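Worksheet: the structure to be examined is printed underneath.
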Ligand code: UD1
């Protein structure tokens with residue numbers, strides 16, 4: 001099939017207001033969690049993304065119907081008919097690992113393969129498997145298939161070696177129907193985890209402390225469906241703020257929880273952006289040349305998010321002075337750097353460190369998205385760059401942004417999605 005691309009004519013400050021879509025990283029675990037709940041769940045504010053359709057396909061294959069409905073999905077669970085996730089689905093989406101906890105919790109068995117790709121360096125699933133073992137699962141590997149069995153899952157104490165988002169969510173989902181109490185320490189504290197727990201508690205679960213480092217889950221015998229609204233996507237909100245910042249513009253992002261973005265907003269303020277917020281809006285004014293941020297280190301929440309690293313790098317490419325990034329969460333998350341160099345950026349990478357010397361102007365170029373957030377960083381850098389850019393690799397963007405071109409146009413950007421790349 002002919003590849004699509006974005007034609008981006010940049011160089012003008014962005015201006016305007018934009019609504020934030022529902023959070024992909026909340027919607028996907030919520031969809032997986034519906035496997036645990038009998039009857040019907042309606043999720044609204046679900047973003048129209050390829051990863052959401054992939055999750056929907058997995059639900060359908062397991063015998064649960066998932067149908068799009070307005071700005072959401074209706075999921076009807078009258079009992080699962082399968083326990084296996086086909087390799088093709090596992091490869092298509094890394095978040096397919098989120099189905100392990102619920103399938104095992106519900107069916108006492110689950111077969112899957114390693115989730116696909118290595119976009120951000122190796123993304124092992126050892127912590128996921130170890131946590132399930134601690135709860136009583138017996139796990140074997142046969143010809144690349146991972147086979148998990150548990151006559152019953154038993155609540156226990158699990159101390160995570162690293163506050164992994166996905167593992168925290170899988171443990172919660174495995175534990176809600178397990179026997180007895182599970183206590184999870186060194187849990188991840190991302191707001192998406194609190195969103196998952198709030199949904200499950202609304203369905204009858206007993207989860208205490210989600211959003212904190214220690215989470216306690218009392219197993220219950222049954223969960224029911226509910227109606228739930230997915231939280232706002234804080235990283236997409238950060239994308240529009242960074243688009244405003246890198247172009248020297250003024251933007252207002254609506255339908256967002258400003259507190260979820262504290263560390264990211266701090267970084268933008270340190271760079272010289274003026275920021276104000278209300279209960280559900282953030283205003284950003286970057287009406288002059290920004291300055292470097294001496295040191296930015298990605299950390300688990302509430303630290304500066306790894307998902308915003310590439311976006312902030314695009315901003316600091318044009319800021320006066322030298323900024324230093326340290327990526328501590330993933331091994332290989334600087335794939336956007338080579339592409340930013342094509343636009344005239346001055347960046348050096350050594351291992352987990354990237355040193356950015358700000359330049360006064362970026363220029364348009366042919367660039368390729370290598371991963372989701374790196375691709376978004378290229379899109380906003382291109383909106384700031386003088387001249388025309390062609391951005392390819394849109395399948396990455398489509399995993400996380402419901403209409404990147406349309407959204408940037410709402411803010412006054414000259415961005416058009418084009419057909420085949422000649
Ligand atoms: C989630 C987010 C992703 C975000 C990341 C960090 C979703 C769908 N995705 O990903 O957007 O970038 O959190 O905020 O919510 N690790 C292991 N073994 C494991 C699991 C993880 O070594 O079994 C390591 C990873 O290699 C990585 C680190 O732990 O270095 C963090 O990964 P994790 O928090 O699990 O990220 P995800 O849940 O995959």
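Just so it is clear, none of the values below were taken in a lab; they were calculated from the coordinates. Computed from a predicted structure; not experimentally measured. When we count neighbours, we look across all protein chains shown, and the Cβ atoms used for this are built from the backbone with ideal geometry, even at glycine.
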Potential extension, residue 130-residue 346 segment - 0.36 nm per residue separation minus Cα distance: 73.5 nm
Linear extension gain, residue 299 paired with residue 388, 0.36 nm per residue minus alpha-carbon span: 28.6 nm
Beta bridges per DSSP with both ends in the chain, % antiparallel, nearest 5: 70 percent
Stretch gain in nm, segment residue 360-residue 208, where the contour uses 0.36 nm per residue and the Cα spacing is subtracted: 49.8 nm
Column: log10 I(q)/I(0), Debye, Cα scatterers of the stretch 61-220, q = 0.13, 0.20 Å⁻¹: -0.60, -1.43
Among 257, 236, 138, residue whose mean-square fluctuation peaks in a GNM of the chain (springs only between Cα atoms under 10 Å): 138
Average projection area in nm² (convex hull over Cα atoms of the chain, one quarter of hull surface): 18.7 nm²
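Please rank 30, 112, fewest neighbouring Cβ atoms within 10 Å first, as an exposure proxy.
Going from sparsest to densest Cβ surroundings: 112, 30.
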Reduced Cα scattering model of the stretch 306-354, Debye log10 I(q)/I(0), q = 0.16, 0.23, 0.28, 0.30 Å⁻¹: -0.39, -0.84, -1.25, -1.42
Spin-label pair residue 15/residue 259, simplified geometry with 7 Å Cα→Cβ offset, distance in nm: 3.4 nm
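Write down the percent of antiparallel bridges among all DSSP beta bridges whose residues are both part of the stretch 24-229, to the nearest 5. Walk me through the numbers on the way to the answer.
Working: 26 of 38 bridges.
So the antiparallel bridges in the stretch 24-229 amount to around 70 percent.
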Rg(Cα)/(2.2 N^0.38 Å) for the stretch 285-422, N = residue count: 1.01
GNM flexibility winner over the chain from 250, 392, 328 (Cα, springs under 10 Å): 328
Residues 298, 41, 65, sorted so that the one with the fewest Cβ neighbours within 10 Å comes first: 65, 298, 41
The chain: most fluctuating residue of 205, 263, 379 per GNM, C-alpha cutoff 10 Å: 263
Sorted by Cβ density within 10 Å, fewest first, the residues 182, 140: 140, 182
